[in-house]
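The values are calculated or read from the model by the stated rules, or taken from the named source; none is laboratory data. Everything numeric in this text was worked out from a predicted model, so none of it was measured. Cβ placement follows ideal geometry from the backbone for every residue including glycine, while neighbour counts extend to all protein chains displayed.
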């Protein structure tokens, strides 16, 4: 700390904190906000008035509370009026949603895509068209305050360059800048790794709500992790941390597209399961679901395959538990199905292979947001600016529209 | 931020920041401090006077600068007058040092200990005796401002309980509290995991000076990691993160004391090397050094053993690089010798098995603090209070002595 923050800085910070409470928790009474923020009610009144003046929140009487006395007004996010566009580039699909302040999904579209390489221009055109379609359906007075994209690969966050997107065949593609130009909304499109964004979403509104030390494992073609430690997403030197799919768990294992052998994702992910089950389905969620269903019907090949894959997944999770001492590991994407069908195996490996003190309080859970975790994480990314400096961000956007 | 910090809080924070500059960088001119802290010279003058009044720093004329004009006074830590006691419990040794403010080692003693279980009371008595011996040699006016211990196992930092110390045979030993009582200095003894403290020391004054994303790998009997990400030590839910020695790299590998097979520490550490070399030496640093020397002399068994162990170490490092995207991995303890003798193998594994974007800027280095990294980290732990609230901490200690 160098010198005292100015009253303006304090006000800006308090506005941001108040808006984050309303965004995360939904309608909150002024009294509760005063208590949570440690401020008196008249300060809350003034802050709320500032946010209401630019259309970010509104105040209204709460429903019947059963308590005597004058009820405290409830501060509610202007979900219909203030929204972001969230986009998701997965191995199997492109998805888009319009998400209102407060986290409600107002509109959602999705298109399947065939596996394999996909020209960046085509992806950008498809995403832009989905975004425009949804923006066109919004009320005329509604304001888009951000665009965020979850991408299935390694992303340099500061400029949205995709460094490596093996499942889509991209290397060093200036994805964020191109999509910003194509959309032409006067908003910089923010791009993040899909597992990182899934972790944020699960921490914000999902299985790990409120936790500080959380690993979100996302299974698509490969396996990536979003790792939150001490409340912050782990980035590493360049922002590429979390490539847990390439932890080698089986030195003499299957070849991986990365050039190694026995990476976690080829032993324990979708590819490992399909190979273990000896199927010649095209890869994808449907193939995983078919194997899980076959095992449930008693098919012994499918059962053995899930047993084997659960064992490898257990090694991977045990390694992560030893390294991170997380309070929760969340399984998302196709790992949700794989974990549900092999949980006993995964849990017993963790019990054997992780040390007592690091595992004694860890919980293993499936994603509470299901297939939408990464998309909802992209929405949270898109809300960053407005949640950091609410009034200035709205003013900037209004000026650009005028 | 709730409300503006009070002038007292700002002063306390500025005193702490100034003292940390002097502690980390040594003698600094007032002009430089003013520049680094973004404060004017008269504020620096007042802060320095406060610290000097309680005996934490002194001001003096710098040496010949060659510049014309009146030289800016240099602020110097009172290293002889203000010190901490640092202790280190390793698998092979007990070590102790008296370390002055500014990081200078004023006194150091060490005793070898045989491998294996060691009664907590005996360890506490031995450490207390080493500490008292060194305190007795300090000048009468010198003040001990903290005691820190690096321990070779899992430690619950808030109360200094050793949860698991496999190499010394401890489970749930109230080590910190017992040592506090035994020393009876009116100071709480702080205990930390040795690899965590080694990481702090290497970041503060060693190979990773100033880095934000650093992994320090400490080899003793086992392998532990201190992981600093985004400038902060990774703790996890209970503070036990960093048990990378128990990452399984070889499913069908050697049995590990933890109950698993093929943990990194049994394949790539001291135990792995001694087994691979087919030697029946008692384990320990001397055995590792003997194998390294034999390999240097051309002994092919020793060379093969180092090659094999370097390969496993490379798998472990590649996994960590994929998971963390660190800017540096530092090899300390006996891993320093093992890495130096097998660096080519380790590096080639990392090149093959870590993804390009995560490894392109990673540096692999040996500990700059050598065998003292963990002991010096314990000193940094012991300085925590005085570096957080310098004047109050000194006042509290002076009152206790009076």
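State yes or no: is residue B:51 assigned to a helix (DSSP H, G or I) and surrounded by 17 or more Cβ atoms within 10 Å (Cβ to Cβ)?
In short, yes.
Return the residue satisfying two criteria in turn: it lies in the range A:1-18 and is part of a loop (DSSP other than H, G, I, E, B) and surrounded by fewer than 15 Cβ atoms within 10 Å (Cβ to Cβ), and of such residues it is farthest from the other protein chains (Cβ to nearest Cβ).
The residue in question is A:6.
What are the residues in the range A:247-260 that are touching a helix residue (DSSP H, G or I) at 6+ places or on another chain (Cβ under 9 Å) and surrounded by fewer than 21 Cβ atoms within 10 Å (Cβ to Cβ), if any?
The answer is A:251, A:253, A:254, A:255, A:257, A:259.
Could you look through the range A:245-271, keep only residues that are touching a residue at least 60 places away in the same chain (Cβ under 8 Å) and farther than 21 Å from residue B:215 by Cβ, and pick out the one that is nearest to the other protein chains (Cβ to nearest Cβ)?
Here the answer is A:250.
Does residue B:284 meet the test of being more than 9 Å from chain A (Cβ to nearest Cβ) and surrounded by 23 or more Cβ atoms within 10 Å (Cβ to Cβ)?
On the way: more than 9 Å from chain A (Cβ to nearest Cβ): yes; surrounded by 23 or more Cβ atoms within 10 Å (Cβ to Cβ): no.
Answer is no for this residue.
So which residues in the range B:19-42 are in contact (Cβ under 8 Å) with a residue 24 or more places away in the chain and crowded, with 17+ Cβ neighbours inside 10 Å?
B:19, B:22, B:23, B:24, B:27, B:28, B:29, B:30, B:33, B:39
Can you name the residue in the range B:214-235 that is facing chain A (nearest Cβ under 7 Å) and surrounded by fewer than 23 Cβ atoms within 10 Å (Cβ to Cβ) and, of all such residues, is nearest to residue B:313 (Cα to Cα)?
Looking at residues that are facing chain A (nearest Cβ under 7 Å) and surrounded by fewer than 23 Cβ atoms within 10 Å (Cβ to Cβ), I get B:235.
Quick one: in the range B:322-354, of everything that is in a strand (DSSP E or B) and within 12 Å of another protein chain (Cβ to nearest Cβ), which residue is nearest to residue B:312 (Cα to Cα)?
B:329
What do you reckon, is residue A:230 over 16 Å from the mean Cα position of the chain (by Cα) and farther than 15 Å from residue A:369 by Cα?
yes
Out of A:242, A:160, which single residue is at positive phi and more than 13 Å from every other protein chain (Cβ to nearest Cβ)? Steps first, answer last, please.
Values: A:242 fails: more than 13 Å from every other protein chain (Cβ to nearest Cβ).
Of the residues listed, the single one that is at positive phi and more than 13 Å from every other protein chain (Cβ to nearest Cβ) is A:160.
Just for strands (runs of 3 or more DSSP E) wholly inside the range A:89-200: which have at least 2 residues that are within 26 Å of residue A:24 (Cα to Cα), in contact (Cβ under 8 Å) with a residue 12 or more places away in the chain and under 22 Å from the mean Cα position of the chain (by Cα)?
A:93-100, A:105-112, A:143-151, A:189-193
Those residues that are under 30 Å from the mean Cα position of the chain (by Cα) and either closer than 23 Å to residue B:204 by Cα or in contact (Cβ under 8 Å) with a residue 12 or more places away in the chain (or both), I need them from the range B:51-60; list them, please.
B:51, B:54, B:55, B:56, B:57, B:58, B:59
Restrict the check to the range B:266-276 and report whether at least one residue is touching a strand residue (DSSP E or B) at 6+ places or on another chain (Cβ under 6 Å) and within 18 Å of residue B:227 (Cβ to Cβ).
Scanning the range B:266-276, I find at least one residue that is touching a strand residue (DSSP E or B) at 6+ places or on another chain (Cβ under 6 Å) and within 18 Å of residue B:227 (Cβ to Cβ), so the answer is yes.
Only residues that are touching a helix residue (DSSP H, G or I) at 6+ places or on another chain (Cβ under 9 Å) and at pLDDT 95 or above: list them for the range B:194-205, please.
Those that are touching a helix residue (DSSP H, G or I) at 6+ places or on another chain (Cβ under 9 Å) and at pLDDT 95 or above: B:194, B:195, B:196, B:197, B:198, B:199, B:200, B:201, B:202.
Answer with yes or no whether residue B:33 is touching a strand residue (DSSP E or B) at 6+ places or on another chain (Cβ under 8 Å), within 13 Å of chain A (Cβ to nearest Cβ) and assigned to a helix (DSSP H, G or I).
On the way: touching a strand residue (DSSP E or B) at 6+ places or on another chain (Cβ under 8 Å): yes; within 13 Å of chain A (Cβ to nearest Cβ): yes; assigned to a helix (DSSP H, G or I): yes.
It is true that residue B:33 is touching a strand residue (DSSP E or B) at 6+ places or on another chain (Cβ under 8 Å), within 13 Å of chain A (Cβ to nearest Cβ) and assigned to a helix (DSSP H, G or I).
Within the group B:321, B:362, B:346, which residue is at pLDDT 95 or above and under 30 Å from residue B:95 (Cβ atoms)?
Result: B:346 is the single residue among B:321, B:362, B:346 that is at pLDDT 95 or above and under 30 Å from residue B:95 (Cβ atoms).
Tally time: how many residues in the range A:272-316 are touching a helix residue (DSSP H, G or I) at 6+ places or on another chain (Cβ under 7 Å), without any contact (Cβ under 8 Å) to a residue 60 or more places away in the chain and assigned to a helix (DSSP H, G or I)?
The number of residues fulfilling the criteria is 21.
Where residues in the range B:355-385 are over 18 Å from the mean Cα position of the chain (by Cα), buried (at least 18 other Cβ atoms within 10 Å of the Cβ) and in a helix (DSSP H, G or I), which of them is farthest from the other protein chains (Cβ to nearest Cβ)?
In this case the residue turns out to be B:359.
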